[in-house]
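Comments concern the structure below.
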Amino acid sequence: MKTIEDLGDLAGQRVLVRSDLNVPIKDEVIGDDGRIRASLPTLVKLAKAGAKVIVTAHLGRPKGQPNPAYTLAPVAKRLGELLQPEGITVRFATDVTGDAAQTAVQDLDEGEVLLLENVRYDPREESKDEAERGALADELAALADVFVSDGFGVVHRKQASVYDVARKLPHAAGGLVLAEVDVLKKLTEDPARPYVVVLGGAKVSDKLAVIDNLLAKADKLLIGGGMVFTFLKAQGHEVGKSLLEEDQLDIVRGYLNEAGDKIVLPTDIVVAPEFKADSPATVVAADAIPADQLGLDIGPDSAKVFAAEVAAARTVFWNGPMGVFEMAAFAGGTKAVAQALTEVDGLSVVGGGDSAAAVRQLGFADDAFGHISTGGGASLEYLEGKELPGLAVLEED
Ligand code: ADP
Ligand code: MG
C-alpha cells in the first residue's frame, strides 16, 4: 500500500481524507472522542505539509437523507478544539459535495482542514449499485487532487467515500490505517504465545466467523458477554431470561465438540430479575441460572480466572464487553479483564467500539493497552480472514 510520503509534495494540493469520526453523540455532546483523536495525526501531517485538507466522514445511520440528528457539526467543533493547539483552522461545509462543499473548498487555504457534512446524508454512499456509488465518488474526487484513506473503521465497507473514490484519484493509506493493519498482522501471523482471545458483547452471531478463524490460531478463547448463554445452553444448561440465540446452538455445539479444550466459559454469572441498573444483582453458578432472572455479567470467580489467563498471555485480542458495563452493577467482569490486559507482557489489543468505550468509561488510559482499535467490524473481518474492499483498493494503482 502506498503511504502519504509516496504522494510526493502536497503543498497547495487538495487532499481528500476519509476519516472515521463516528463517535457517540447525545444532545450535541460527544461521548467518547477516541476516534476523533485517532484521526488527528494524519490530518496534522497533511496540514503541516501545506495541503488543503478536505475530510469526508459519516455519523450514525441517517439512511441517505439529511437529518440534523446526525450532523457532523459537533464533530467539526471538537476537531477545531483539538487542532487549535497545532494552529490549524477547521472549517465545516453544510453539505456533502454540493454548493456549500464546493465553495468551501475554493475558499480553503493551505494548511487548513475542511470537514464535509455526513457523507451518509447521500443515499449513493451506501448504494449497492456501482454506478450510483461511482457518481458520488466522482463528485468527491472533483473536490480534490489526491485521496488518503484513513478511516480504518470503514475499510470493510464497499462505499463511495471508502472504496469507489480511491479508484478515481491517486491514493494512499493514512497512518491510522497502516498502524491498524500492522497490529492485525501481528495477531494473525505468528503471534507470540500464549495467545489468548477474549470475546464478549451482545451477539454470538456477530462473532461466529471470527471464532471460527481464531479457534485455529489462539491457544485459549475466553467467552463472556451476552454470547455466553448460547454456549451454556448448548452445554445443556438453562439460561433463564438471558440473551439466547437458538438458531446458533448447533454451530456453538460444534465449536465445543471440536475445540472444547481451548474454550473457557464462565463458571459463575451475575444475574438480576430485570435489564435495569438498579435491579437487585446476585451471583449464581453458571449451570444454575434461575428461570426468572437474566445474566448480565460474568461472576467474580470467572473474572479472576479470565484475568489470570489474560495476564499470563504474550498476545491478547479482546473484543466485546464481559457484561452490561454501562450499568455499574454489571461492569465488574469487563473491568477485571481490562485491568488484566494492562498487565500483559506482550501485545494487548482492544477491538470494538463498545469495548473501547468501556475501557475509557472505566477510567483506563488509552496508553495502558498495546493498541485500541478504532474499527470493530473492520478488525473482526480482517481476523476472519476476509478481504477488506477499502484495503484491497489501496493496493491497486
Ligand atoms: P463491541 O462494540 O466492542 O464489538 P458489541 O457491540 O458486540 O461490542 O457488544 C456490546 C454490548 O454488549 C454492550 O452494550 C453490552 O451492554 C452488551 N452486553 C454485554 N453482556 C451482555 C449480557 N450479558 N446481556 C446483554 N447484553 C450484554
Ligand atoms: Mg458494538
Problem - 28 Å Cα-Cα threshold exceeded, pairs from LYS203/LYS335; LYS52/LYS185; LYS128/LYS262; LYS26/LYS220; LYS26/LYS386; LYS2/LYS207 - result: LYS52/LYS185; LYS128/LYS262; LYS26/LYS220; LYS26/LYS386; LYS2/LYS207
Handout entry: Rounded to whole Hz, the Karplus (6.51, -1.76, 1.60) HN-Hα couplings of segment 87-102, x for glycine and proline
Key = x, 9, 7, 10, 10, 9, 9, 7, 9, 7, 9, x, 3, 4, 5, 4
Problem - Karplus 3J(HN,Hα) series, Hz, for segment 364-369 with 6.51 cos²θ - 1.76 cosθ + 1.60 (x for Gly, Pro) - result: 7, 7, 3, 7, 6, 10
Exercise for the section: Choose one of ALA104, LEU140, VAL183: the residue whose Cα lies farthest towards the positive end of the charge dipole of segment 97-213 (beta-carbon charges +1 Lys, Arg; -1 Asp, Glu; about the Cα centre). Expected result: VAL183
Problem - Max mean-square fluctuation residue, GNM over the chain, Cα-Cα springs under 10 Å, options PRO62, PRO280, PRO191 - result: PRO280
Completion exercise
Length gained, THR342-ARG193, 0.36 nm per residue minus C-alpha separation, equals 51.9 nm
Completion exercise
If one compares the long axis through the Cα atoms of helix 300-311 with the longest principal axis of the Cα atoms of the chain, the angle in degrees, nearest 10, works out at 50 degrees
Problem - Segment ASP301-GLN65, extension gain: residue separation times 0.36 nm, minus the distance between their alpha carbons - result: 80.1 nm
Exercise for the section: Treat each spin label as a single point 7 Å out from the Cα along the C-beta direction, and report the THR267 to ASP250 distance in nm. Expected result: 3.3 nm
Problem - Per-pair calculated FRET efficiency, R0 = 25 Å: GLU395 and ALA368 via Cβ, rounded to 0.05 - result: 0.15
Fill in the blank from the handout: Where a ≥ b ≥ c are root eigenvalues of the Cα gyration tensor, a/c under 1.5 meaning rounded, otherwise prolate if a/b exceeds b/c and oblate otherwise, segment 185-384 counts as oblate
Handout entry: Relative contact order of segment 4-176, pairs being alpha-carbon contacts under 8 Å that are 6 or more residues apart, as %
Key = 29 percent
Problem - For LEU115, residues with placed amide H under 5 Å, excluding near neighbours - result: VAL55, ARG91, PHE92, ALA93
Practice task
Determine the relative contact order of the chain: mean sequence separation of Cα pairs under 8 Å and six or more apart, normalised by residue count, in whole percent.
Solution key: 15 percent
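How much net charge surrounds GLN235 when only other residues with a Cβ under 9 Å from its Cβ are counted (Lys, Arg +1; Asp, Glu -1)?
It works out to a net charge of +1.
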Fill in the blank from the handout: Sequence order, segment 374-387: Karplus ³J(HN,Hα) from phi using 6.51 cos²θ - 1.76 cosθ + 1.60, θ = phi - 60°, Hz rounded, Gly and Pro as x, gives 8, x, x, x, 5, 5, 4, 5, 4, 5, 6, x, 7, 7
Fill in the blank from the handout: For segment 74-124, shape from the Cα gyration tensor axes a ≥ b ≥ c, cut at a/c of 1.5 then a/b versus b/c, turns out oblate
Handout entry: Separation of the ALA202 and VAL283 label points, Cα + 7 Å toward Cβ, nm
Key = 2.8 nm
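Computed from the coordinates by the stated procedures, all read-outs in this text should not be read as laboratory data. Just so we're clear, the structure is a prediction, and the values are computed from it rather than from any experiment. So basically every Cβ, Gly included, is an ideal-geometry build from the backbone, and we count neighbours across all protein chains shown.
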